[in-house]
Amino acid sequence: MSAWRRGRWLLHLVGLALFAWVLTRIDIRTLVRHVLEANWLLVTLALALGLPFIWLKSERWRMVLEWTGSRISAGLAFRLFSIGLLAGLVTPGQVGEFAKAFGVRREGGTLRSGLTASVGDRALDVAMLLGLSAYYAVWHRYRWPTLNSLAVFLASMALVGILAAWIWLVAAQLFVAFPLRWPVTGRALGEAITGFPWPRMVSLAAATLFAYALYSIRLYLLLLALGQSAPVPVFVSSMAVMSLAALLPISIAGIGSRDAALLVLFGEFRIPQEAAIAFSFLVLVLSLFNAVVGAIAWALQFIGEHDEPDTDASHQSTAGVPPPLPPRGPRVRRGMDEPG
């Protein structure tokens with residue numbers, strides 16, 4: 001086994017060790033009781049919102065993909081994005097989500113375009129999470145009452161979303177639209193800042209904001225399902241910290257890293273530790289639902305590919321067979337009836 005593979009498995013063990021540590025700090029029976037007594041109607045509603053959430057995320061990815069040179073339909077984007085969610089669930093740091101880039105190449109696009117769009121899509125998410133995590137960090141440090149205001153929080157979210165879209169588009173202009181030259185000159189930077197259509201930035205920012213808002217609604221429904229509550233601005237920003245912890249490449253599906261983060265975060269809201277881990281379990285259920293959507297999309301793609309007639313095989317099956325003879329005309333007799 002190579003050193004790289006050994007290191008990867010050691011990273012997985014870190015996540016498992018964290019999860020084992022979390023289990024030593026809680027009462028398992030109380031944890032099970034929290035899960036069984038949850039309001040499953042609210043959980044079902046959170047699951048149902050997964051479909052519009054995936055559609056919104058796939059549309060944003062399709063916008064980025066189109067700008068990088070590949071154009072696909074909304075249905076195909078939804079299918080490839082869902083398959084990426086399935087691959088991301090079973091890989092550390094959700095890196096399997098980049099598998100959708102290979103689907104773009106298979107559908108006639110370029111691998112470079114697919115990878116660039118996928119990196120850009122992840123960068124927009126991470127920028128949003130970092131901005132909201134900073135909001136939570138300021139609240140945790142200073143406890144300013146103003147930060148509990150929903151209006152202040154929504155304005156901060158809008159600013160973070162616009163800045164994330166603007167920074168990504170400027171970077172994309174420098175490294176995708178223009179030839180990559182080092183060092184980056186002031187003229188190239190100026191062209192990158194002013195050279196993209198501003199409506200596209202607004203569209204990307206709006207898609208990012210709405211996607212995170214929908215994600216936050218799903219999470220808050222889970223919190224309510226467990227009979228718990230927390231101030232909305234602080235809860236939503238704390239979920240950004242949880243999501244960043246789940247992205248660390250030390251576990252599969254965020255198991256361990258997400259649980260440890262929630263123990264700390266929910267302690268600020270006076271939520272019992274068992275309820276925090278029950279919440280983490282329900283978040284995993286949401287991820288599994290996304291993976292099921294991806295599995296269905298992959299199965300439909302697999303069936304569709306095998307139902308199509310294999311034209312190559314039909315050509316090969318007739319290779320080497322002589323063409324049929326032309327129809328025979330009236331036989332010409334050479335003899336007495338034939339003029340000499």
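FYI, it's all coordinate maths here, none of it is from the lab. Predicted, not measured: the structure shown is a model, and the values here were computed from it. Counting neighbours? That spans all protein chains shown, and the Cβs are built from the backbone with ideal geometry, glycine included.
Near Ala276: Cβ cut-off under 12 Å, other residues only, Lys/Arg at +1 and Asp/Glu at -1. The net charge is 0.
Between Leu159 and Val264, the contour length at 0.36 nm per residue exceeds the Cα-Cα span by 35.1 nm.
Each Lys or Arg adds one and each Asp or Glu subtracts one; over the other residues with Cβ under 14 Å from the Cβ of Ser229, this totals 0. In terms of overall dimensions, segment 86-156 has a Cα radius of gyration and Dmax of 17.8, 53 angstrom. In this rough spin-label picture, where each label sits 7 Å from Cα along the Cβ direction, the Asn39-Ser203 distance is 3.8 nm.
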